[in-house]
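Reviewing the structure listed below.
The values are calculated or read from the model by the stated rules, or taken from the named source; none is laboratory data. Computed from a predicted model, the values in this text were never measured in an experiment. Positions of Cβ are backbone-derived with ideal geometry, glycine not excepted, and every protein chain shown enters the neighbour counts. These accessible areas exclude ligands, DNA and RNA; they are computed on the full protein's heavy atoms, side chains included. Shrake-Rupley method; radii C 1.70, N 1.55, O 1.52, S 1.80 Å.
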Amino acid sequence: MLPWRTTLYNTRNSALRYHKTSIRHATSILRPALLHRHPPRLECSASSPSNTRPLTTTLPKRKERAPDDVPEPIPIKEDENDQTDKEEVAKQTPLEARKAPDTPPASGSVAGDAKGSSGSSSGGESGSGSGDGGRKGGKKSSTERAIQKPTVPEIYPQVMAIPIAKRPLFPGFYKAITVRDPNVIAAIQEMLRRGQPYVGAFLFKDESSDKDIIEKLEDVHNVGVFAQITSAFPISGEAESLTVVLYPHRRIKMSKLIPPKTGSSQEPPVVIHAQEIKQLPPKEQGIPDKSGDVVASFEESSSPSPLVDVQPYEPTSFLRDYPVSLVDVDNLVDEKYDKKSPVLRAVTSEIVSVFREVAQLNHLFRDQISTFTLTQSAGNVHEEPAKLADFAAAVSTGEIRELQDVLETMNIEERLSKALMVLKKELMNAQLQSKISKDVESKIQKRQREYWLMEQMKGIRRELGIESDGKDRMVEKFREKANKLAMPEAVKKTFEEELSKLAHLEPAASEFNVTRNYLDWLTQIPWGQQSAENFGIKNAMTVLDEDHHGLKDVKDRILEFIAVGKLRGTVEGKILCFVGPPGVGKTSIGKSIARALNRQYYRFSVGGLTDVAEIKGHRRTYVGALPGRIIQALKKCQTENPLILIDEVDKIGRGHQGDPASALLELLDPEQNNSFLDHYMDVPVDLSKVLFVCTANMTDTIPRPLLDRMELIELSGYVADEKMAIAERFLAPAAKDLSGLKDVDVGLSKDAIEELINRYCRESGVRNLKKQIEKIYRKSALNIIRDLGEDVFSEEKALTEEGKIAFEESKKDESDVKETPETIDKETTAVPRQSLKVPDSVHVAIDRDNLKDYVGPPVFTSDRLYETTPPGVAMGLAWTSMGGAALYVESILENVLNDASRPGLERTGNLKNVMKESTVIAYSFAKSVLANLFPENKFFEKAKVHLHCPEGAVQKDGPSAGITMATSLLSLALNKPLDPTIAMTGELTVTGKVLRIGGLREKTVAARRAGAKTIIFPADNTSDWLELPENIKEGIDGHAASWYSDVFDLVFPNIDAEYANNVWKAQLAKMDKVEDTPKDE
């Protein structure tokens, strides 16, 4: 029988069953409570609009909801009148009617399926099934049917599918979801209105998906749940969103996805007429004849007969008008299982045990377990293991794939096992969370306990007079420290003011810590405290000679400083600036000076410094303010007369936070630094007794006002003899000790060191020489181990006892080296290894012949660039930040001399502005010399000359190459090669005057390295030449030149005038002959 016909039949029988008066009596009892609790939202009438055929006629006013074992999502408190009405109805209701099947509360009515009863409510939260299938053994009264609970259809082949994300749903456990698709929202509202609130919930495979419809079957898992919509309400603040509470009933499997219907014909609605039955036979009624009963008859507006041809009933046919996901589903039934199975009982007991452990750690689990226990119909969980597995998976926060696997498993034993695995992980997380919580709580409790005990102890001591308050004790401590210092009056006044402020401040005030830190700094500066200096000349010479070889100028200046201090008994602070190439010992000499004078040593670098606060400190108004580096140096050294080394003063920067170079003006001025004012201290500090030593590679980048305040001491590069002495006395022993060969017979011969200096390390300093010597000893250590083998130097001998234990622990660690292991404290020790002794039978000798086996082939294969110079090539000398260097100037003739050639000068070699001017001056002067001395030489009148300075990647600037360029051009014009051992330097004017240059010492050292035997320099630099050490001048003949004529006589001695006049005469004669020949017409 069709569902609507069953509804018609059941309604007619119920209408004939009772008298009209009994119906009115029941209505008068139930209607007030129902109207108060659930006002009806839909009236059933013949004219009500409907788009589909199914329609029920159960009267919601005549029903009362029975108690439900499943907790409602939103409990509603009943008033006393409602409770009284329920009790009256319950008295009239038979006992069998009270035993309704357990079903969850529904927002809409429940549509009956083909097997069960059909009934719906008109928008209330509960409804009752009607018909004769709901009860056996007799017919129910109207009041009994009114309180009967709705039934869930067992077969619902087609539902609207709602995809969900994050985690699946499990039967028997509520889930709230949010719907934002307006079409799905409209469909849900229509379902609630029609009393068919059933959907299918399926989990998205992609966790990031957030849709309300299913586009493809592959997007979701095919196993889901058949759920009932218990309530739906809009979200506050979101106009087009709906929160839907679902209650899953059973597992279902999707078999087909039905696409939305694009267009459908509207069918006429079912018309319902209510009329009074005049008289019916008692036999047909089955009860005593009572007049006045109301019966509902069903008629279709399109046909007078109610039994016309009707299309098959489809509960979700109206949803095809909405673009939503409809799916065909099949119910999934759990496989049969043996309740007495020992495996089943063991797994169930383990799950219960895990629940107990989790409940002790997690209060939220405890509440959920209590709720589950109350809603459990069976007293023993062993009777319903499937529901227990679903509950375990529903409350766990496991992996989505694992939870979906639990949902899809139909075998109860397997489902319990998988649920147990998920629950075990939840237990591990709960244990870890509990451990972390206990650790944090124990730390907090410990601190609170310590604070409480400390406050008690302070109170007891104050009562006994043993100790005063902490703040008072702090004030006394500051005053005691200040009494030991010889503070100036201005500083003492500031100290008293700040100390008085601290005494009146509360410890909790923000100003308290600022004032305390300021007083701490104020009392840590060594006011009036000086170290006892050593002014012994012999001691200073001994210390300086021990640490450095050479550097006579520096040592003499320090000895002068000590001599003045010895006579006066005290010395004022001086500002020295060591300027020289890298690797000559500028920084290390400062430490040696401090050791010789018995002064405290403090070093800081200003290279790249852009913040003035590093020099003068921060204002105290800033959070985390600190004094400048000078005040920090005084605090560290605890003396007023330390030696402060300011390194890399030529590389100081400048940024938006000020100019630190300008801040150094006050610091390095002897007339001002006796009252240096730091921004943080804000009191004058006397720095006049401090010995400042600065270092720089060049003076070009140092501001002139700052350079004027310092006494410059230039440190030139080392010559070969000095490098040899430094390598033998300092570098080789240190490198040997550093390589673990201190007591081993490994000898580096003098010839090998000389070869290193000449062929590998030609720079001014000794830093590269030190690297090469260390490389030699490292290579020697490797060869020793390779020759003797690993057995002689085994790891067992090298590891200490603690090291062996740590090494064994590290073997057990399998974590990545980029991650710090948890057992790092067991894998480390203070002294893991010890040095190994090399056998006495080992002997290694490094000499000139086998040196390349240790450091590779030589870098420099010749002493100079040109062994024999061609015409137009002259060797000049240049000064760089790395020391001196040989600078060659090359000139060539670009074309053949003929009538078509034009004179010109091409310059290359990355020359800067000053050097470009020098080339123009030299070119003009060379033409002048040639015109005056050799007038018949017409070279420059027709020659196009190209002048080049090698190493074009290096920028070159400066006027000291003037005489070198002029000599190169004259050598080309006279076609006369120069002596390759002659080097020259000097600025040239257009009249031929040779001007003074700088860096003669560095240039002389460079000439010596290049193999020059003669140096030509300006006569104004004669004093500089005489001051050079004899070891630098040894083997070099120096010549001073006032005019270029002096240079010309040295580089072109005994030149033949006739040769010079006629050197280009042959070519010029050919050119004249060609010009005199008449042209053919």
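Could you please find all residues in segment 968-994 being in a loop (DSSP other than H, G, I, E, B) and closer than 14 Å to SER928 by Cβ?
THR989, VAL990, THR991, GLY992
Out of the residues in segment 575-614 that are touching a helix residue (DSSP H, G or I) at 6+ places or on another chain (Cβ under 8 Å), hydrophobic (A, V, I, L, M, F, W, C) and not in a strand (DSSP E or B), which is farthest from TYR718 (Cα to Cα)?
This residue is VAL612.
Across segment 544-570, what is the total count of residues that are farther than 23 Å from LEU1026 by Cβ, open to solvent by 10 Å² or more (accessible area, probe 1.4 Å) and either of a type in the set (A, V, I, L, M, F, W, C) or part of a loop (DSSP other than H, G, I, E, B) (or both)?
7
Inspect all residues belonging to segment 215-223 and state whether any of them is over 40 Å from the mean Cα position of the chain (by Cα) and not in a loop (DSSP other than H, G, I, E, B).
Looking for residues that are over 40 Å from the mean Cα position of the chain (by Cα) and not in a loop (DSSP other than H, G, I, E, B), one finds at least one in segment 215-223, hence yes.
Check off (1) within 12 Å of VAL354 (Cβ to Cβ); (2) open to solvent by less than 60 Å² (accessible area, probe 1.4 Å); (3) within 38 Å of the chain's Cα centre (by Cα); (4) not hydroxyl-bearing (Ser, Thr, Tyr) for MET428 and give me the number that stays unchecked.
Only one criterion is unmet by MET428, namely (2).
Just checking, how many residues over segment 571-623 are touching a Leu at 6+ places or on another chain (Cβ under 8 Å), open to solvent by 50 Å² or more (accessible area, probe 1.4 Å), without any contact (Cβ under 8 Å) to a residue 60 or more places away in the chain and not hydroxyl-bearing (Ser, Thr, Tyr)?
Final tally of qualifying residues: 2.
Within segment 810-821, is there a residue that is assigned to a helix (DSSP H, G or I) and open to solvent by 100 Å² or more (accessible area, probe 1.4 Å)?
Yes: segment 810-821 contains one or more residues that are assigned to a helix (DSSP H, G or I) and open to solvent by 100 Å² or more (accessible area, probe 1.4 Å).
Out of curiosity, is GLY765 within 41 Å of the chain's Cα centre (by Cα), more than 30 Å from ALA885 (Cβ to Cβ) and either among the basic types (Lys, Arg) or surrounded by 15 or more Cβ atoms within 10 Å (Cβ to Cβ) (or both)?
no
Considering segment 942-967 alone, what residues qualify as being small (Gly, Ala, Ser) and assigned to a loop (DSSP other than H, G, I, E, B)?
Within segment 942-967, ALA943, GLY952, ALA953, GLY958, SER960 qualify.
All but one of (1) touching a residue at least 12 places away in the same chain (Cβ under 8 Å); (2) farther than 30 Å from MET984 by Cα hold for GLU822; which doesn't?
Going through the list (1) touching a residue at least 12 places away in the same chain (Cβ under 8 Å); (2) farther than 30 Å from MET984 by Cα, GLU822 breaks only (1).
Residues to consider are ASP787, ASP682, ASP743, ASP751; find the one that is among the charged types (D, E, K, R), open to solvent by 70 Å² or more (accessible area, probe 1.4 Å) and closer than 30 Å to ILE615 by Cβ.
After applying the criteria, what remains is ASP682.
Which of the residues belonging to segment 1019-1035 are open to solvent by less than 80 Å² (accessible area, probe 1.4 Å) and either closer than 22 Å to ASP1046 by Cα or out of contact with any Ser or Thr (no Cβ under 7 Å at 6 or more places or on another chain) (or both)?
Once the filter is applied, which keeps residues that are open to solvent by less than 80 Å² (accessible area, probe 1.4 Å) and either closer than 22 Å to ASP1046 by Cα or out of contact with any Ser or Thr (no Cβ under 7 Å at 6 or more places or on another chain) (or both), segment 1019-1035 yields ALA1019, ASN1021, THR1022, SER1023, ASP1024, TRP1025, PRO1029, ASN1031, LYS1033, GLY1035.
How many residues does segment 979-1017 hold that are in contact with a Ser or Thr (Cβ under 6 Å, 6 or more places away or on another chain), acidic (Asp, Glu) and either modelled with pLDDT of 90 or more or closer than 23 Å to PHE925 by Cβ (or both)?
Total satisfying the criteria: 1.
Could you tell me which residue of segment 1036-1060 is nearest to GLY998 (Cα to Cα), considering only residues that are open to solvent by 30 Å² or more (accessible area, probe 1.4 Å) and in a helix (DSSP H, G or I)?
So, considering only residues that are open to solvent by 30 Å² or more (accessible area, probe 1.4 Å) and in a helix (DSSP H, G or I), the one nearest to GLY998 (Cα to Cα) is ASP1046.
Could you please give the count of residues in segment 742-753 that are out of contact with any strand residue (DSSP E or B) (no Cβ under 8 Å at 6 or more places or on another chain) and at pLDDT 90 or above?
Number satisfying all stated conditions: 3.
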